[in-house]
Amino acid sequence: MNNQKTIETHSTEEKLNPAVNTMGHAYSILSSSPLFNLSLSSKELFHSDFLAWLAQHYPDFFVEICKELGCKADWSNAEWNVKREYKNFDLCITSDEKIVMVLENKVKSIPTKAQLDQYVEKLKKEKKQYEGNIDLILLSLSTSFPDKQAIEDEKKWQIRNYKDLCTATRKHMQLINNQYHKALIEDYCSFVATLHECSESWKVKDSSPFLLPNDSNRKELKELRIADLQDKIWYSQLLEKLNSRLKEKSQWDVQHGMDIKKIAKDNSACLTKIFTNFGFTHGQGLLEAKIKVTQDYVLLIQIQGNKYCRAIEWIKENQGDHNKFWEMTKNEMRFSFFQFEKNDPINFPSICEGNTEPIPDKKIKKETRNFNKYGPNFLYQHKVIKKEATVSEVLDAIMEDLESIEKHSNKK
């Protein structure tokens, strides 16, 4: 097929640097792929459905793919069935009423150890289901993510990417005799290999611009409806880099992936942990780092899109008016983290535009204030990050703000 030929005829420069012309190359392949366009309505469901179709119509072919991906596939010598969304697993193989293989697909989201641990616990609770020798496969578009090392260390899940799937599938194509089905499988391999190429070109370097440029490449990603994939992979790598820097500071225990409810229940001493997270919300990537200053609130730095936010999140159970929480914040702060009045000496990091300028009052609905809110107890002020700011510079700014929070909070 033409798509196959296009993938395999990269120039020497493209092979050495996958970022060179990757998007133009990818746009041509993905926009013309029937299966890719069909997959857009349900990215992860589509891949599991396609693999289930392969298992049902070409069981020997499917078994060989599974073996290439790291399965022992002991179950292939007995009668087996493929099931979709069985007990909420993406795809699993059952034999003699036992689950013998689980495949978890992650295309539009980033894998987390917490979710995979939940799946293992679920298998353990099923009678006669878990005997410690089930094939567990994590198939991920992202080849680098915050929990990868921890998942690998436990040696329960085999982590594979979509290039691995493409290679395994093409290796055994001789088992497919139906030419129409062979063409469909080739188209599938073509577009998943291209998605893998894209993800590999989205590698974050310290010298990279922190903000993803709104250029022609980004426009093509939006037209293909996969710009969110770039954001999620980009911000997951930013979290990896931030965690790595934080762990170099011996005084901080770094915990990531905990929401405010879990942080509130954490019984460790205040100011001893940094709680980090990333996400994708309101069409933008998000990165944050929180310090639990007292049992009542956390202070945090949160980046969403191009906004560098300094925030306080009250974890009191009672819900109050946001202005009440802001007044309480004034009494709690012992340093210039927020600007409460126009003449307050507050500077945002130098990576922000107008970092030394006062934050102006804004009329929001029927009131005038110089802070924003998300609900009554999440209050923040922000500045716009400069377009030329690098990843290293922004992460340095976050570190400096966290160190300032710890330093001044310990003086209370």
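The values are calculated or read from the model by the stated rules, or taken from the named source; none is laboratory data. Computed from a predicted model, the values in this text were never measured in an experiment. All Cβ positions, even for glycine, are placed from backbone atoms using ideal geometry, and neighbour counts span all protein chains on display. Note: areas computed on protein heavy atoms with side chains; ligands, DNA, RNA excluded. Shrake-Rupley method; radii C 1.70, N 1.55, O 1.52, S 1.80 Å.
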Most to least accessible of Trp80, Trp252 (protein chains only, probe 1.4 Å):
Trp80, Trp252
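Looking at the stretch 266-394, what % of the alpha carbon pairs are farther apart than 26 Å? Each step should come with its number before you reach the end.
Details: 1819 of 8256 pairs.
That fraction is 22 percent.
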Can you put Glu393, Glu220 in order of accessible area, largest first, using a 1.4 Å probe?
Glu393, Glu220
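Given a 1.4 Å probe, how much area per residue of the stretch 151-237 is accessible, in Å²? The partial results should precede the final answer.
Numbers: 4020 Å² over 87 residues.
Using a 1.4 Å probe on heavy atoms only, each residue of the stretch 151-237 averages 46 Å².
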Net lengthening on full extension, Ser32/Glu154 (0.36 nm per residue, minus Cα-Cα)
39.9 nm
Sequence of Asp344, Asp259 when ordered by accessible area, the most exposed leading, probe 1.4 angstrom
Asp259, Asp344
What do the square roots of 5 times the Cα gyration tensor eigenvalues come to for the stretch 198-245, in whole Å, largest first, as semi-axes of the equivalent ellipsoid?
21, 11, 8
Can you tell me the convex hull volume per residue for the stretch 19-99, based on C-alpha atoms, in Å³ to the nearest whole number?
127
Taking the Cβ-Cβ separation of Thr272 and Asn214 as r and a Förster radius of 51 Å, what is the calculated FRET efficiency to the nearest 0.05?
0.80
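Could you tell me the relative contact order of the chain? Use alpha-carbon pairs under 8 Å, at least six residues apart, and round to a whole percent.
Numbers: 596 pairs, mean separation 52.0, N = 412.
Computed over the chain, the figure is 13 percent.
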Top mean-square fluctuation among Asn331, Asn347, Asn370, Gaussian network model of the chain, C-alpha springs under 10 Å?
Asn331
Helix-derived mean residue ellipticity, 222 nm - over the chain, DSSP H n ≥ 4, -39500 (n - 2.57), to 500:
-12500 deg cm²/dmol
Summing +1 per Lys or Arg and -1 per Asp or Glu among the other residues with Cβ less than 12 Å from Thr272's Cβ gives 0
Under the rule of at least 5 residues apart or a separate chain, name every residue whose amide H is placed under 5 Å from the amide H of Thr390.
Phe210
How far, in degrees from 0 to 90, does helix 59-68 lean away from the longest principal axis of the Cα atoms of the chain, to the nearest 10?
50
Virtual spin-label span in nm between Lys330 and Ser250, 7 Å along Cα→Cβ
4.3
Taking the stretch 103-230, the whole-percent share of alpha-carbon pairs separated by over 22 angstrom is 52
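I'd like the projected area of the stretch 156-267, averaged over all directions, using the convex hull of its alpha carbons. Report it in nm² with one decimal. Before the final figure, lay out the partial values.
Numbers: hull surface 47.9 nm².
Projected over every direction and averaged, the Cα hull of the stretch 156-267 covers 12.0 nm².
Quick one: if the Förster radius is 60 Å, what FRET efficiency do Met173 and Thr294 give, using the C-beta to C-beta distance and rounding to 0.05?
Given R0 = 60 Å and the Cβ-Cβ separation, E is 0.45.
With both partners inside the chain, how many of the DSSP beta bridges are antiparallel, as a percent to the nearest 5?
Values: 46 of 60 bridges.
Bridges in the chain are about 75 percent antiparallel.
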Relative contact order of the stretch 152-227: what whole-number percent is it, with Cα pairs under 8 angstrom and at least 6 residues apart?
28
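In a shell of Cβ-Cβ distance under 10 Å around Cys309, excluding Cys309 itself, what net charge do Lys and Arg (+1) and Asp and Glu (-1) give?
Details: positive: Lys307, Arg310, Lys383; negative: Glu288.
Overall, the nearby charge balance is +2.
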For the chain, divide the Cα radius of gyration by the Kirkwood radius and give the resulting Rg/Rh value with two decimals.
1.03
Towards the positive end of the charge dipole of the chain, with charges on Cβ (+1 Lys, Arg; -1 Asp, Glu), say which of Ile151, His256, Val82 has the farthest Cα.
His256
